[in-house]
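Please see the structure below; I have some questions.
Just so it is clear, none of the values below were taken in a lab; they were calculated from the coordinates. Computed from a predicted structure; not experimentally measured. All Cβ positions, glycine included, derive from the backbone under ideal geometry; neighbour counts span all protein chains shown.
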């Protein structure tokens, strides 16, 4: 009888190789020790550890709604968040996506103090969302290093140099209008995830963003992340 256990064991013993059970065990440890900030169940599959790992940098492209959805569960369970350089971020919209707005600090126009304001917030907040337009590659690297050192999560609404994870959202059609009247109810979005380490392989799935009740929801059936075949080769 042919067995593959020995070769698999040898591969798992190599430096830098992670097994599925090892990744799951690390995620459980991070969650138990507070190193993992929770996200809504619909978003867990997009993040390697099933949540936002403290010290990480995550770039969100294409939709403010996805950024708000990422902030929702953490703020609802006691974490503090801040938004820097995002003057059009709506507090009402944030609340509709489940963000606990009493735990959300806003610095809409930091101007030339973008770097210092963001660094100070990373010292005291659990999550800091920023507009990357106020940054330079050198500043971006310093702020990501600050997040790692302080154990905060840095979320960029746009591309960010060195981000561990990048979530791209391609909004689709709204539903709800019938015969030219009615109310916009939900919108299908294609979310793609790419990045380093456990998120290195580009994948995608569809979500309702917002869903029927104003927050993120699975598109029926519940999405399973599929490999992005366009990235092959």
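Starting from the Kirkwood radius over alpha-carbon pairs of the stretch 31-102, derive D by Stokes-Einstein at 37 °C in a medium of 0.692 mPa s and give it in µm² s⁻¹.
Value of D from the Cα-based Kirkwood radius: 259 µm²/s.
In nm, what is the difference between 0.36 nm times the number of residues separating residue 106 and residue 170 and their Cα-Cα distance?
20.4 nm
Residue 138 to residue 113: extension gain in nm, 0.36 nm per residue of separation minus the Cα-Cα distance? Mind showing how you got there, number by number?
Details: separation 25, 0.36 × 25 = 9.00 nm, distance 1.50 nm.
Length difference between fully extended and current span is 7.5 nm.
How many percent of the alpha carbon pairs in the stretch 68-140 exceed a separation of 17 Å?
Distances greater than 17 Å cover 40 percent of the Cα pairs.
Using packing as a proxy for protection, rank 106-118, 40-52 so that the peptide with the highest average count of other Cβ atoms within 10 Å comes first.
40-52, 106-118
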